[in-house]
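Undergrad: I am attaching a structure below and will ask some questions about it afterwards.
Taken together, the values in this text are just the output of simple stated rules run on the coordinates, not laboratory data. Keep in mind the model is a prediction, meaning the values are calculated, not measured. In this analysis, Cβ positions are derived from the backbone assuming ideal geometry, glycine residues included, and neighbour counts consider all displayed protein chains.
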């Protein structure tokens, strides 16, 4: 019986594989037949049957592989990974045509990954919503309410408390002579900030018993990120991807179901508490107010709210923590930059208190360090768009419904825009007053550096991310020396790990050595 079942599975998979080959062959023949010699398509490297250009990428860091192909074939090329075909943009000039000149045509994002049967929130998420009334309403709500300057100001005390928790944890490690995994410590920090700002829960709180819901959300978000990376296999396999051969779809459904249950419970708790204008409303309170408003421009459902929180947890869990981690690693490897940053903080802040968010405006070198970190190590190394209509980009015809990837990682390392692009040099962002030049921004206005994307689809959480990264990195520079753990080397390994966010291949393990203590009793 088992043997018969195994034979059936093999036959089924062989049939599907044959179908994929047949469809690919037919597409190729039809394409050759219908090719219009007057229409110029983007160049493409030589490909292999079925797998396309997969052999040119391998298991290396994908943005780095894409950059190597762009050096050979140009800043706008066409690639095929199995059954998925897309256009790759690799320099600022082409990115400008896509993200500015033809922004409306490329304002939508294609859905990549799981099918609707595994997604409880199909059609409700904000990140991949088509450009229309719902997306515009949510973007306006983010900018005016959820992530506005005034709302971020109301939660400044949360960010200050979490910085102090991090510093206390590091002081304990130092007093005990223990090494610490800074990736874990920083992820705890950013998760706590996000959980408390979003729905007033605390994740992995070391000063009291952890909130079980928040701790579980932390684990579920890690599962989302892992499954998100693996679901790209479905796009490569084409029709075979619908079979859920590896069980990722079932895992996603299970993870989403548990996430849904937790957020529903938190929503109910928020609905039960008495409305009080004197209290600080979190994101959940704001969204529930819109949900209850019969005159709202767009009527939100409970699934819209849950999908929004899933999106912001996925987008914000790793990114800020990774940026701080990369920045500290670069500073350890460049002690002269570290020392200059400390002297700036000492001059502006002194040694009697921790650097605060309000100090950042007076710390241009610290700002430059963060910008340089985002240039070399953008935690979102690729952004994806989809054309709505036929158009011409860089002299090539781009049909409607074409997926397009912008290689943010490669753009930040383009030698045509950056002198010695692989060198960590924050000074490149310091502009002398007499030069009359405008400081380079990271919010998408300058297309040769777009760590947060650009235009209408740029990251709405940019201000929060910069506040968290700059203040925390400044405090860690101010309060500690950092001794690299393991092997006796004082140099941190800067190798990157493949994934949706550009994380470190090796954890940053250090022993913190206090320079000054903001906690005299310790």
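Undergrad: For each of 165, 306, 272, count neighbouring Cβ atoms within 10 Å of the residue's Cβ, then give the residues from fewest to most. List each step's numbers first, then the result.
TA: Working: 165 19, 306 23, 272 7.
Ranked by crowding around the Cβ, least crowded first: 272, 165, 306.
Undergrad: Kirkwood Rh and Cα-based Rg: tell me the resulting Rg over Rh for region 373-465, rounded to two decimals.
TA: Values: Rg = 15.4 Å, Rh = 15.0 Å.
On the Cα set of region 373-465, Rg over Rh gives 1.03.
Undergrad: Could you please rank 299, 413, 292, placing first whichever residue has the fewest other Cβ atoms within 10 Å of its Cβ? All intermediate terms of the calculation are to be shown ahead of the outcome.
TA: Working: 299 13, 413 18, 292 10.
Fewest-to-most ranking of 299, 413, 292: 292, 299, 413.
Undergrad: How much length is gained on full extension from residue 494 to residue 295, taking 0.36 nm per residue of separation minus their Cα-Cα distance?
TA: Details: separation 199, 0.36 × 199 = 71.64 nm, distance 5.25 nm.
Gain on extension, residue 494 to residue 295, equals 66.4 nm.
Undergrad: Taking the simple approach of a point 7 Å from Cα along Cα-to-Cβ for both residue 93 and residue 265, what is their distance in nm?
TA: 5.7 nm
Undergrad: Turning to a different aspect of this structure: Roughly speaking, what % of Cα-Cα pairs in region 436-477 are separated by over 11 Å, rounded to a whole number?
TA: Details: 582 of 861 pairs.
Summing the P(r) tail past 11 Å for region 436-477 gives 68 percent.
Undergrad: While we're looking at this one, here's another question. Quantify how much of the Cα-Cα distance distribution of region 39-138 extends past 20 Å, in percent. Walk me through the numbers before you get to the answer.
TA: Numbers: 2625 of 4950 pairs.
Looking at region 39-138, the distances longer than 20 Å represent 53 percent of pairs.
Undergrad: Using a/c under 1.5 as the rounded threshold, could you call region 288-334 rounded, prolate or oblate? The axes a ≥ b ≥ c are square roots of the C-alpha gyration tensor eigenvalues, and prolate needs a/b larger than b/c, oblate otherwise.
TA: Since a/c reaches 1.5 and a/b is larger than b/c, the shape of region 288-334 is classed as prolate.
Undergrad: Then there is this: Over all distinct alpha-carbon pairs, what is the Kirkwood Rh of region 295-388 in angstrom?
TA: Values: mean 1/r = 0.0605 Å⁻¹.
It works out to 16.5 Å.
Undergrad: From the C-alpha coordinates alone, can you work out the Kirkwood hydrodynamic radius of region 107-177, in Å? Don't skip to the end; give the middle numbers.
TA: Working: mean 1/r = 0.0627 Å⁻¹.
The answer is 16.0 Å.
Undergrad: Considering only C-alpha atoms, what is the centroid distance from region 158-176 to region 359-419, in Å?
TA: 34 Å
Undergrad: With each pseudo-label sitting 7 Å past Cα toward Cβ, what's the residue 440-residue 122 distance in nm, one decimal?
TA: Taking the simple label geometry, residue 440 and residue 122 are separated by 4.4 nm.
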